[in-house]
Structure formats: structure tokens, C-alpha cells
Amino acid sequence: NLQGKKESYLSNLFEGKSMKFDEFIYNQPDMSVLSDKLKNLIQNFKNSSSFEEQDQVLSKINELRKHFETMSNIAFVRYTKNTFDKYFEQQQNYFDEINPIYENMIGEFYKALLQTKFKPQLQKKYGNQIFNIANARIKTTSSEVLDELKLENKLTSEYRKILSQAKIPFDKKENTLSQMVYYFYSQDRSIRKSSNKAYWDFFEKHSDQFSSIYDKLVKTRTSIAKKLGFNNFIELAYFRLNRTDYNSDDVRIYRDEVKKYIVPLSQKIYEKQKKRLGLEKLNYYDEPIFYKSGNPIPEGSSKDLLEKAKKMYDELSAETSDFYRYMLCNDLLDVESRAGKAPIGYCTFISDYRSPFIFANFNGTIGDVGVLTHEAGHAFQVFNCQDHFFPEYYFPTYEAAEIYSMSMQFFTYPWIKLFFGDKKEKYFYQHISSAINSIPYGVSVDEFQHFVYENPSCPSLERNKKWIEIIKKYNPHTDYSENPDLEKGISWYRQTHIFEVPFYYIDYTLAQICAIQFWIKMERDKKSCWKDYLNICKIGGSKSFLEILKEGNLESPFKLSCMKNVSIFLQDYIDSIDDLKIDF
Ligand code: ZN
């Protein structure tokens with residue numbers, strides 16, 4: 001079937017049928033029309049007298065949903081490309097309004113799906129994951145909480161707006177938050193210090209606003225959870241994230257494993273960094289500077305980097321070559337920084353046009369190559385899933401989704417010299433070190449949120465104190481002594497996930513443990529490793545996290561032996577690098 005799919009997109013490409021992103025047609029969805037159509041179809045679904053008939057109705061339902069989601073995604077991309085665009089700003093507000101109504105209708109659809117007498121035939125044809133998802137999702141919504149869901153959306157949009165409209169005065173100009181990141185990598189320590197000061201001043205100045213938005217979010221979410229019959233929001237959040245294979249106890253044990261095996265390793269990396277930089281103490285603003293001679297910087301303009309990635313994906317495999325050329329040809333990568341562009345990076349999928357879309361803000365740092373390897377990994381996965389029947393199957397749950405992107409960062413290692421020349425060893429050591437260091441930070445974000453939603457009436461100041469306590473538990477090297485604002489515990493304000501998608505963050509760490517396993521296997525048998533990767537790319541969202549791991553021959557990070565094994569390999573790698581020698 002892959003062959004057929006491949007021909008179809010290649011023929012689209014070469015017969016001029018494919019479209020560039022700007023040519024995609026956007027129409028504001030008419031909610032009352034969509035609502036009537038869906039209601040009718042759901043009724044027909046319930047009344048179907050045979051599996052074949054029901055399967056056909058299901059196909060029409062999916063088409064409608066794919067079209068609605070296409071419009072929603074086009075609107076989102078156009079808005080984030082230019083947040084000053086009044087029309088698409090208004091469309092964002094429109095979607096904030098109608099999304100809960102839409103979600104409620106999908107809830108009705110899920111109920112019908114779970115009750116169908118043709119469930120065994122459907123399971124046989126499409127797998128059980130759609131039923132897992134339906135089962136999780138009907139627990140997360142009801143008409144009783146519609147108004148509060150709308151409020152939740154509105155609050156997260158308010159938060160997003162503060163971030164995207166931030167103007168930080170620095171270096172004789174006004175900067176967006178993502179533009180400020182450039183200065184964090186300066187070789188001049190005083191610039192790093194002052195740019196960080198300016199950056200965090202912004203968060204401190206808006207501290208009341210951030211606290212108040214978050215406070216309302218926590219109370220709203222807790223109230224929604226109670227109305228839906230949960231003890232607290234944590235239980236609801238796990239269902240929202242479709243975590244069907246594991247619960248918060250597994251996650252707690254996993255965090256303990258991180259503390260035991262990854263934290264000491266990470267501390268060792270920071271210690272080596274401090275020595276390399278010749279510093280008495282590693283201040284928080286020194287952390288981004290990995291080498292005394294400076295971090296490796298990709299060679300060339302944004303355009304050059306996109307071209308180099310073409311060579312890389314051409315040589316990596318036939319599949320990645322077709323994919324990346326399709327992306328370039330149809331303007332499906334927007335990577336340059338501009339005023340008004342949202343300070344975020346993401347990959348989405350516009351299904352009516354069979355097109356992934358990659359959004360980023362290049363800033364001349366190592367992170368730019370991360371976009372071309374990481375986000376491209378997401379896009380490659382969904383590109384391989386475009387023929388799935390259910391839109392739910394395009395992307396897997398978050399912790400699984402990040403495996404594809406993070407593993408792609410390892411699979412592209414042999415081409416890293418294209419971007420960094422003779423500094424490639426610097427890139428490898430830094431990439432792996434950052435991967436390791438991100439794990440203790442990731443579990444901190446997770447433990448903080450467990451605390452917040454276990455104690456929903458905790459006052460803001462105490463909440464901030466707890467943040468600092470947890471940060472220091474998993475990142476004992478943290479030194480905020482030169483910035484009293486950070487010592488007060490405000491740095492989580494910039495962590496968008498905490499506001500927007502609660503409990504989504506530990507996912508990055510779970511995926512990283514899996515991606516590292518791919519790296520370990522790559523070193524041993526590249527061919528079978530790539531085969532495993534391609535195999536799970538095609539599975540996409542059609543299976544659950546632990547099932548995907550099984551199909552990819554990966555060990556579950558919740559298994560006690562997993563963290564230990566991974567950490568032994570990492571420890572050997574870190575010890576084998578003469579970090580002073582590559583620092584040139
Ligand atoms: Zn990602």
C-alpha cells in the first residue's frame with residue numbers, strides 16, 4: 001500500500017496537482033451546517049443495519065472532520081505566521097468559541113462508536129486504538145462543562161498573546177522573546193547576563209498577569225474535573241492526553257528513576273562544562289554556552305541550511321528524499337524570524353492537502369539545525385500516515401510523537417558535517433549532553449504540575465517557592481544567586497506547556513529515553529534500526545505508546561531496567577569524550 005501512496009503523491013508533485021501553502025483555500029467553517037451534517041451522519045451510523053453500511057457512513061464522518069481540522073490548521077498557521085493579521089486573529093477567537101462545541105459533537109460520535117454492535121468488525125479493520133481514544137475522550141467532556149472549556153481556551157489565548165506581543169528593549173532595538181535567545185548564546189558573559197536580565201524583567205513585570213491567568217486556569221480545570229466526576233484535574237489530564245497504558249504512579253516511579261540514574265550524569269555534564277569554561281561557578285546564564293570556544297554555529301544562511309538538509313535527506317533514504325522535496329516544493333517550511341511571527345516552533349498536518357507544515361524561528365544558533373532534524377522528524381512521521389482512515393491516527397500521543405523527531409536527530413548524525421564542518425564533534429557532544437540535561441528539567445515540570453493540581457488552592461507565591469524547590473531537587477547545580485527574580489520562582493511562566501497543555505512535558509523525556517535507544521541500536525545495526533523506525537512511522541497514531549514501543553523493538557521507559565541500561569551507555573559515551581580537545 002505504501003507503493004500506491006508513494007505514487008499518488010509523486011504524481012501530484014510532478015503533474016502540477018500539488019499546491020503551495022499560500023494557495024490552500026481557507027473558508028471559515030459554518031458551525032450550524034457542520035453541526036446538522038454531523039448529527040445526521042451520527043444518526044445514520046447508529047441506524048446502520050450492516051457493517052459495510054456503517055463503514056461507509058464512518059468514512060463520510062471522517063471526511064467532514066478532516067475538512068474541519070484542515071480549516072482550523074490553516075487558520076492557525078496563517079495566524080502564527082503573522083499575529084498582526086486581524087482576520088486570522090479573529091478566526092482564532094472564532095475557533096476558541098466553536099472548538100468546545102465541535103469537541104462535544106465528537107464526543108457524541110465517540111459514544112456512538114463505543115456502542116455500535118459492529119465493534120468487532122471495526123476493531124478488526126482499524127485496530128483498537130480508536131476505541132481507546134474514544135473511551136478516554138468521552139470522559140473528558142460533557143455539555144455541563146462547555147462554558148468552562150470555553151473559558152479555559154480564552155485564558156490560554158490571553159497567555160499566548162502576552163508572549164507573542166512581547167517587545168524586549170535590548171541592543172538598541174525591540175526584540176521578540178525568541179529573538180532574545182540569540183543573545184543568550186553570546187560569547188560575551190556580560191551580554192549573556194544583561195540579555196537574561198532584560199528577558200526575565202519582562203516576566204517579572206507581567207508576573208501578576210501570568211499568576212492570575214494561571215490561577216484561573218487551575219481553578220477552572222479543577223472545577224471541570226469535579227463536574228466530570230474526577231477526584232482532581234490530574235486524572236482528567238491523563239485522559240485528555242489519551243494515556244491509556246500508564247498512570248501517575250508509573251510516572252512517579254519513572255521520575256525517581258531519573259533522579260537515581262540521570263541526575264548524577266547530568267550533574268557531571270554541568271561540572272565538566274564549568275571546568276571547560278574556566279568558571280568558578282556556572283551561573284544560570286552560562287548554561288547555554290557549552291564551549292569556551294563558543295557553541296558550534298551552522299554555516300550559511302537560512303536558505304543554505306534548507307538546501308543542505310535537502311542533500312542530507314536525499315542521501316539518508318529514498319523515503320526521506322521524497323518527503324523533504326515535497327515540503328520544499330510546496331512552501332511547507334516557514335523558518336525565518338520576522339516581527340509579528342509567533343515565537344514558537346511546531347509541525348502540523350493539513351490533511352485535505354496531504355501536507356505537513358513546519359513552523360520555526362531561525363536565530364543563527366545550533367537550534368536551527370534542530371528544526372531541520374527534529375521538526376522534520378515529526379513531519380516525516382505524519383507524511384507516512386496520511387492515508388490513515390481516522391484523523392486520530394495521523395499523530396500518535398505526545399510521548400510517542402516525540403520519538404520520531406528525537407530519533408531523526410540521531411539518524412541525521414552522519415550528515416552533521418554539512419552544517420558544522422570540522423566542528424561536528426562539538427555538535428554531537430552538545431546534542432547528547434542537552435538531551436540528557438533536558439530530562440531532569442522535564443521531570444521537574446511534571447512534578448510541579450502534580451503538586452499544583454493536587455493543591456489547587458495553593459497561593460501563587462507558595463506555588464513559585466515549590467517550583468524552585470523542585471528545580472533544585474532535579475537540577476542541584478542551578479544557580480540563580482545573581483537574579484533574585486528567578487530565585488522567587490518565576491521561570492516557569494515561559495514554559496508554554498504548563499499553561500496550555502497541562503501534564504504534557506514529561507513526554508519529551510519519555511521519548512528521549514526511546515530515541516537514545518535508537519541511537520544505541522544505530523551504532524550496532526543501522527539497517528535494521530532504520531527499518532524499525534520506518535515501521536513505527538507508518539503506525540503513527542494507530543497504536544498506543546507502549547504498543548508502538550513493542551513494534552519498534554524498544555524497551556518501555558517505565559520498566560525498571562530501562563533507565564539503568566540507557567544510563568550505562570550514556571555514562572560510557574560521556575566518559576569517552578575528551579571535551580577539552582574538541583573545544584576549538
Ligand atoms: Zn517535537
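Coordinate-derived values only; no laboratory data. In this text, all values refer to a predicted model and were calculated from it rather than measured experimentally. Cβ sites come from the backbone with ideal geometry, for glycine too, and all protein chains shown count toward neighbours.
Observations, loosely collected:
- Within the chain, helix-based [θ] at 222 nm, where runs of 4 or more DSSP H residues each add -39,500 (n - 2.57), nearest 500: -21000 deg cm²/dmol
- Between Arg354 and any residue 5 or more places off or on another chain, the built amide H atoms are never under 5 Å apart.
- Partner aspartates and glutamates whose Cα lies under 14 Å from the Cα of Lys268, excluding those fewer than 8 positions away in the same chain, are identified as Glu287, Asp572, Asp575, Asp578, Asp579.
- Over 23 Å (Cα to Cα) - which of Lys20/Lys308; Lys81/Lys161; Lys527/Lys581 fall in this group: Lys527/Lys581
- Averaging the Cα positions of each part gives two centres, and for the stretch 484-556 and the stretch 251-277 these lie 18 Å apart.
- Enclosing the Cα atoms of the chain in their convex hull gives a volume equal to 149 cubic angstrom per residue.
- Fewest neighbouring Cβ atoms within 10 Å first, the residues Val501, Val251, Val369 line up as Val501, Val251, Val369.
- Protection proxy ranking of 154-164, 539-549 - average other beta-carbon atoms within 10 Å, highest first: 539-549, 154-164
- Taking only the alpha carbons of the stretch 447-581, we obtain Rg and Dmax values of 19.1, 54 Å in that order.
- Dimensions of the stretch 166-225 based on its C-alpha atoms, expressed as ranges along the principal axes with the largest first, amount to 48, 18, 15 Å.
- Based on alpha carbons, the Rg and Dmax found for the stretch 24-155 are 16.4, 51 Å.
- Out-of-range pairs (alpha-carbon distance over 29 Å; input Lys39/Lys117; Lys46/Lys543; Lys37/Lys216; Lys423/Lys526; Lys66/Lys119; Lys227/Lys473): Lys37/Lys216; Lys227/Lys473
- Compared with the dominant principal axis of the Cα atoms in the chain, helix 189-205 is inclined by about 40°.
- 18 Å Cα-Cα reach of Lys559 towards aspartates and glutamates, excluding residues that sit fewer than 8 places from it in its own chain: Asp245, Asp249, Asp250, Asp256, Glu257, Glu399, Asp507, Glu547, Glu551
- Counting only residues at least eight positions apart within a chain, or on another chain, the lysines with an alpha carbon under 22 Å from that of Lys172 are Lys193, Lys197, Lys205, Lys341.
- Over the stretch 268-317, the pair-distance histogram of Cα-Cα distances with 5 Å bins from zero comes to 5, 18, 19, 11, 9, 11, 15, 10, 2, 0 percent, rounded to whole numbers.
- Table column - 3J(HN,Hα) (Hz), the stretch 316-330, Karplus curve with 6.51, -1.76, 1.60, x for Gly and Pro: 5, 5, 4, 5, 6, 5, 4, 4, 5, 5, 4, 4, 5, 4, 10
- Taking amide H as placed 1.01 Å from N in the peptide plane, Asn175 has its amide H under 5 Å from the amide H of Ile168, Phe170, each at least 5 places away in sequence or on another chain.
- Estimated vicinal HN-Hα couplings, Hz - the stretch 42-48 in sequence order (Karplus 6.51, -1.76, 1.60; Gly, Pro = x): 5, 4, 4, 4, 5, 7, 4
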